Every structure is written in structure tokens, then in C-alpha cells.
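Undergrad: Next up is a structure, given as C-alpha cells.
Values in this text are rule-based calculations from the coordinates and carry no lab data. Note that the structure is a prediction, hence the values are computed from the model and not measured. Positions of Cβ are backbone-derived with ideal geometry, glycine not excepted, and every protein chain shown enters the neighbour counts.
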Amino acid sequence: MIITSRKELRFFLMADRMMNTGSFKKSFSTHLKEFLLPDLKMKYLTTMRKLSYYKHSGNPLWLFYHYRYQRLSIKLGYTIGPDVFGYGLVLPHFGTIVVGPQNTIGNYAVMHVCTLITSTGHHIGNNLFVSTGAKITSCKELGDNVTIAANSVVTKSFADDNILLTGMPAYVKKQRKPWYEGDEPFASRHQRCEELRTKVFGSGGKK
């Protein structure tokens, strides 16, 4: 998702940090810890969001963030288009994740290792959960709250919300709630992000 203002950039950075670490901002102890042991996943997400903002605002700083983004991508094994995901993206582990730049994916997505979303212009809703080894290849649309089971391959569109897809090719196995519901601490983190979104943008803004 393209970030068009500093207010949006700040919110995206805070939402990503909350969903991945449980805090909107770094504490003093976190600053000290990351000085000694850098949190590379958060550095990657931060660089991704700043690259999106500076590139589309025409600020030449985008060249610096593009270079840094490429270096971190190689180091962590991620190949992700910087304008693809909405806020609150969760990357639980290091490892191969490939997401083409032509896709549009909503907020609060989770991408586990060894996952692939080809660059064919997929339109995917909020709360996508892609389990280890899963792939999305030739579908055009997925609804909200879609969970894809491990090693499954999605080859067609599924417009319905709240479903679990499994198999090769994938089919609807059952109804399923959003991935964070009933999963503490993520349910609380999601709630805090939405409260912040309402505070920053109003009740109808930036969904």
C-alpha cells in the first residue's frame, strides 16, 4: 500500500512495531538491546515503509532506502514489493518470502517462511495468514480473513471471507475466524492498533 503522508508513515511504523513486538515505540531498554543485537525484521519493515513514502513523495532519500532495503532483503531472505502490504504486517521468522510488487494485500497479514505470492496482480483482503510453504499463484481475488494451510497452493480466486484454504490445489475446508482472534497477545495488539487508527484518522479513515 502506497504511503502518501508523514502521518500515514508514522502510523504504519507504529502498527508494524505493535504487531511484531507488542509496543508502539522503543523503550530505553529496547534501544539498548537493539544497539547490541539489532532487530533486523523491524529494520526491514521500517525501511520498507520509508522507501514507499519517500519514493512516492519524490524525495531523493528514496535512493538511500532503496539501497538499504535491497541489502536487508538479501540478508533476511525476503523479496517483497514495498507498496504491497497494508499496515500491521507480521513476519514471524527469517527465511524465504517472495511477494511480487504488483499485488495489493490488506492490513494485518502474516507471512511465514518459504511462502510465495506471484506478481500477477492479486487483490487480497485484510488479515491474510499464509502458513509455512504455502503459495498463491494464479488467483485474482481473495476475501478478508483468509487462512492458507501449510504447503497449500492457491490457484483460483476465493471471494468469500472467513475461510481456511488447504490442499494442492487449495479448496475451502471450513469457516475460520480472523487469525488473531483468540490468539493472545495478537488480539490485544490488533485492538490497540485499531484504537490508534481511529485516533489518528477518525472512525472512517485509512482502513
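Undergrad: Which distance in nm do the two modelled labels at Leu32 and His123 give, with both placed 7 Å along the Cα-to-Cβ direction?
TA: Computed distance between label sites Leu32 and His123 equals 5.1 nm.
Undergrad: Also, I was wondering about something else. Can you compute 3J(HN,Hα) from phi for each residue in region 180-188, using the Karplus curve 6.51 cos²θ - 1.76 cosθ + 1.60 with θ = phi - 60°, rounded to whole Hz and x for Gly and Pro?
TA: Karplus-based 3J(HN,Hα) across region 180-188 equals 7, 5, x, 10, 6, x, 5, 4, 5 Hz.
Undergrad: Still on this structure, please answer the following. So which lysines can Lys75 reach, going by Cα to Cα under 27 Å and dropping same-chain residues fewer than 8 places off?
TA: Partners found: Lys25, Lys26, Lys33, Lys41, Lys43, Lys50, Lys55, Lys135.
Undergrad: Counting other beta carbons within 10 Å of each residue's own, what order do Glu8, Glu194 fall into, fewest first?
TA: Neighbour counts put them in this order, fewest first: Glu194, Glu8.
Undergrad: For the chain, what is the Kirkwood hydrodynamic radius in Å, using each pair of distinct C-alpha atoms?
TA: Numbers: mean 1/r = 0.0576 Å⁻¹.
By the Kirkwood definition, the hydrodynamic radius is 17.4 Å.
Undergrad: Out of region 1-92, which trypsin sites (Lys or Arg not before Pro) are coil in DSSP terms and have no more than 13 other C-beta atoms within 10 Å?
TA: Values: sites: Arg6, Lys7, Arg10, Arg17, Lys25, Lys26, Lys33, Lys41, Lys43, Arg49, Lys50, Lys55, Arg68, Arg71, Lys75; in loops: Lys25, Lys26.
Within region 1-92, the qualifying trypsin sites (Lys or Arg not before Pro) (loop, at most 13 other Cβ atoms within 10 Å) are Lys25.
Undergrad: Once fully extended, how much extra length lies between His93 and Lys156, figured as 0.36 nm per residue of separation less the alpha-carbon to alpha-carbon distance?
TA: Roughly 19.9 nm would be gained on extension.
Undergrad: Find the relative contact order for the chain and round it to a whole percent, using C-alpha pairs within less than 8 Å whose residues are 6+ positions apart. Walk me through the numbers on the way to the answer.
TA: Working: 443 pairs, mean separation 27.2, N = 207.
Relative CO of the chain lands at 13 percent.
Undergrad: Moving on. Count neighbours as other Cβ atoms within 10 Å of each site's Cβ, and list the trypsin sites (Lys or Arg not before Pro) in region 104-179 that are DSSP loop with at most 14 such neighbours.
TA: Sparse-neighbourhood loop trypsin sites (Lys or Arg not before Pro): Lys140, Lys156.
Undergrad: Now for a different question. Mind giving me the nanometre distance, one decimal, between the label points for Val172 and Phe24, set 7 Å out from Cα along Cα→Cβ?
TA: 3.8
Undergrad: Give the long-range amide H neighbours of Ile80: residues separated by 5 or more places, or on another chain, with amide H under 5 Å away, using H modelled in the peptide plane at 1.01 Å from N.
TA: Val99
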